[in-house]
Amino acid sequence: MGEHRATFGEVEAELGEDGVAIVTLNRPARLNALTTAVMEAVTRALAWAAGQGPCRVIVLAGAGRAFCAGMDLVDGLSGADDPAADPVHARYEALRAGTAMVLAVTETPQPVIAAVHGPAVGAGFALAVAADLRFCGPGARFDAPFHRLGASAGDLGLSWRLPRLIGPARAARLFYTNGSLSAEEARDLGLAETDPAPLAAALRLAREIAGHPLLGVRMTKELLNASLDCAGFRAHLATEMRSQVIALGTREHADAVAAFRARR
């Protein structure tokens, strides 16, 4: 492993000579679905990239056919299915890993660009939205299936950031109807730019940004975060976690997950 490459479980990070780091979710067989361990690994990978002196921009990507299929409903969250554990406590602790991941994307000093191909579902949608900018390929899709799974749309900051990006009414319709956005719809709403090769496009933009003076770019990210009131964002994340823990403890959620697993 070279000086500018690191592996964190199923997440890889690499820093190029151009000052651009790539953090890649590497669970292609599971469409990069998130477990507690993967979310913790993303947080560590982002910290590693941000801590490399030459790093100026971070690109977030997924290996294989998808950006991220959301929470892994088969492997589940650590401790959440342990009959010996308190289910509320276990789910709360597991979701804290997701909150830490989203905060790492938001609060890392470097701009983060998400390169989205294939589906970005649920928590994967939230992860893409947490980035500063997004590119998506023609087959990309942003899905919000929360109510169909007996969960709330309060998932990893999505109910905070998406209304601010596409408008409250559009976000409400998407959430209430278990809706999805195609790449073209995401572009038309200003959520993402489209490109046949989203990772290449993200890297081109990242290199352009990396060529600008470092301090000015970092201070601009601080200002953009301040414009979104990220102090309020942290409080909102805590409220989201509580609402999701309650929803994930319902019989409706258990039945929905059982049906999903049966189909698999």
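The values are calculated or read from the model by the stated rules, or taken from the named source; none is laboratory data. Since the model is a prediction, treat every value here as computed from it, not as a measurement. Methodologically, a virtual Cβ is constructed for each residue, glycine included, from the backbone with ideal geometry; neighbour enumeration extends over all protein chains shown.
Okay, here's what the table says:
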item	result
Selected residue (only one of N225, N178 is touching a strand residue (DSSP E or B) at 6+ places or on another chain (Cβ under 9 Å) and touching a residue at least 12 places away in the same chain (Cβ under 8 Å))	N178
Residues of segment 46-84 that turn out to be touching a helix residue (DSSP H, G or I) at 6+ places or on another chain (Cβ under 9 Å) and modelled with pLDDT under 80, as a count	10
Test: residue in segment 76-83 that is polar (S, T, N, Q) and farther than 22 Å from L25 by Cα	no
Test for L215: is it buried (at least 17 other Cβ atoms within 10 Å of the Cβ) and out of contact with any helix residue (DSSP H, G or I) (no Cβ under 6 Å at 6 or more places or on another chain)	no
Condition met for A128 (closer than 18 Å to L205 by Cβ, surrounded by 24 or more Cβ atoms within 10 Å (Cβ to Cβ), under 13 Å from the mean Cα position of the chain (by Cα) and touching a residue at least 60 places away in the same chain (Cβ under 8 Å))	yes
Subset of segment 23-59 (residues that are surrounded by 22 or more Cβ atoms within 10 Å (Cβ to Cβ) and farther than 29 Å from Y92 by Cα)	C55, R56, V57
Hits in segment 202-222 - residues which are within 13 Å of V20 (Cβ to Cβ), of a type in the set (G, A, S) and more than 21 Å from the chain's Cα centre (by Cα)	A210, G211
Single residue of segment 1-40 satisfying the filter (part of a loop (DSSP other than H, G, I, E, B) and of a type in the set (A, V, I, L, M)) that is farthest from A100 (Cα to Cα)	M1
Some residue of segment 6-15 being among the β-branched types (V, I, T), surrounded by fewer than 17 Cβ atoms within 10 Å (Cβ to Cβ) and either out of contact with any helix residue (DSSP H, G or I) (no Cβ under 6 Å at 6 or more places or on another chain) or modelled with pLDDT of 95 or more (or both)	yes
Residue among L162, L156, L149 that is on the phi > 0 side of the Ramachandran plot, touching a helix residue (DSSP H, G or I) at 6+ places or on another chain (Cβ under 8 Å) and among the aliphatic types (A, V, I, L, M)	L156
Complete set of residues in segment 155-180 that are surrounded by 23 or more Cβ atoms within 10 Å (Cβ to Cβ) and either among the β-branched types (V, I, T) or in a loop (DSSP other than H, G, I, E, B) (or both)	D155, L156, G157
Selection from segment 181-210 of residues that are in contact (Cβ under 8 Å) with a residue 40 or more places away in the chain, in a helix (DSSP H, G or I) and out of contact with any strand residue (DSSP E or B) (no Cβ under 8 Å at 6 or more places or on another chain)	none
Index of the failed condition, E107 passing every other in (1) surrounded by 24 or more Cβ atoms within 10 Å (Cβ to Cβ); (2) at pLDDT below 95; (3) in contact with a Cys (Cβ under 8 Å, 6 or more places away or on another chain); (4) not aromatic (F, W, Y)	(1)
Criterion: at pLDDT 95 or above, over 19 Å from P109 (Cβ atoms), buried (at least 17 other Cβ atoms within 10 Å of the Cβ) and touching a Pro at 6+ places or on another chain (Cβ under 8 Å) - qualifying residue of A183, A201	A183
